[in-house]
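Inspection log for the structure reproduced underneath, given as structure tokens.
The values are calculated or read from the model by the stated rules, or taken from the named source; none is laboratory data. Keep in mind that this is a model prediction, so the values were computed, not measured. Cβ: placed from backbone, ideal geometry, glycine included. Neighbour counts: every protein chain shown.
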Amino acid sequence: MRSAGKGFFITLEGGEGAGKSTQHVHIVAWLEAHGKEVVEAREPGGTEVSEEIRQVLLDTRNAGLDSQAELLLLFAARAQLLQQVIRPALAAGKVVVSDRFTDASYAYQGGGRQLGVAAVAALEQFIHPDLQPDLTLLFDVPIKQGMQRVAGRGAADRFEIESIQFFERVRNTYLERAAAFPRRFRVIDAGQGQDQVWQQVQDILQGLPGL
């Protein structure tokens, strides 16, 4: 854990169909069973304002949304989430578990939309120069397998209808991020069954000091 009086920040990352939401539930339950006070978050979303931005970003009727506008909207939602949820929880010594954070912007907008690293890094420096996750779990799944899972969930959102090439860029960027920041990233083989994936996650959690 962090120093006394400060919380622990866990983020879950991965492409479409990686199974983050399922593992999020397991992680929260495990932490609570081990006596931790947990605050859950998701991106985009997690506050009233951020959820409204989420609707804009995921709505397929907004297919013409400019990539730069998309990136700015994501950071607007993130800024609100940080101010309203994440920072207060960490200051109170709680464990925050967030489904996506800024690594997603590097992967989806920097890589997928090909806006590059610099644009995302500039906004990251503006919005949260002092804060990074303590642990990032990257759920990595082959693109075709992930999209097969998504196809069984019902109507696709504005991101899920993107091309295979888009998602290949997203996946590659995620893996590049994991290689660049090995101290906080742990890569999970999310192509396995749910129980096997959870075992990988549990092994990581059990190895963390203070958890």
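If we scan segment 56-64, do we find a residue that is part of a helix (DSSP H, G or I), within 17 Å of the chain's Cα centre (by Cα) and in contact (Cβ under 8 Å) with a residue 12 or more places away in the chain? Among the residues of segment 56-64, at least one is part of a helix (DSSP H, G or I), within 17 Å of the chain's Cα centre (by Cα) and in contact (Cβ under 8 Å) with a residue 12 or more places away in the chain, which makes the answer yes. Put simply, of 100, 87, 54 the only residue that is farther than 19 Å from residue 16 by Cα, at pLDDT 95 or above and of a type in the set (Lys, Arg) is 87. If only residues of segment 134-146 that are assigned to a helix (DSSP H, G or I) and in contact with a Gly (Cβ under 6 Å, 6 or more places away or on another chain) are counted, the one that is modelled with the highest pLDDT is 145. Exactly one residue out of 104, 89, 77 is over 21 Å from residue 135 (Cα atoms) and assigned to a helix (DSSP H, G or I): that is 77. Checked against the criterion of being modelled with pLDDT under 95, among the β-branched types (Val, Ile, Thr) and out of contact with any strand residue (DSSP E or B) (no Cβ under 7 Å at 6 or more places or on another chain), the candidates 47, 22 yield just one match: 22. With respect to residue 102, determine if the residue is within 24 Å of residue 38 (Cα to Cα) and in contact with a strand residue (DSSP E or B) (Cβ under 6 Å, 6 or more places away or on another chain). No: the conditions fail for residue 102. Determine whether segment 124-132 contains at least one residue that is at pLDDT 95 or above, in contact with a Phe, Trp or Tyr (Cβ under 9 Å, 6 or more places away or on another chain) and part of a strand (DSSP E or B). No, every residue in segment 124-132 fails to be at pLDDT 95 or above, in contact with a Phe, Trp or Tyr (Cβ under 9 Å, 6 or more places away or on another chain) and part of a strand (DSSP E or B).
Once segment 99-139 is narrowed to residues that are of a type in the set (A, V, I, L, M, F, W, C) and within 16 Å of residue 44 (Cα to Cα), the residue that is surrounded by the fewest Cβ atoms within 10 Å (Cβ to Cβ) is 127. Note on segment 31-55: among residues that are assigned to a helix (DSSP H, G or I) and surrounded by fewer than 18 Cβ atoms within 10 Å (Cβ to Cβ), the one that is nearest to the chain's Cα centre (by Cα) is 51.
Out of 149, 171, 186, 158, one residue alone is touching a Ser or Thr at 6+ places or on another chain (Cβ under 6 Å) and among the charged types (D, E, K, R). It is 158. Going by the structure shown, is residue 193 surrounded by fewer than 20 Cβ atoms within 10 Å (Cβ to Cβ), at positive phi and without any contact (Cβ under 8 Å) to a residue 24 or more places away in the chain? Against the criterion (surrounded by fewer than 20 Cβ atoms within 10 Å (Cβ to Cβ), at positive phi and without any contact (Cβ under 8 Å) to a residue 24 or more places away in the chain), residue 193 does not qualify. Just so you know, in segment 158-211 the residues that are charged (D, E, K, R) and part of a strand (DSSP E or B) include one that is nearest to residue 9 (Cα to Cα), and it is 186. In the condition set (1) under 25 Å from residue 87 (Cα atoms); (2) of a type outside the set (A, V, I, L, M, F, W, C); (3) without any contact (Cβ under 8 Å) to a residue 24 or more places away in the chain, residue 108 is compliant with all but (3). Quick check on residue 200: is it of a type in the set (S, T, N, Q) and in contact with a strand residue (DSSP E or B) (Cβ under 7 Å, 6 or more places away or on another chain)? Taking the combined requirement at face value, the residue satisfies it.
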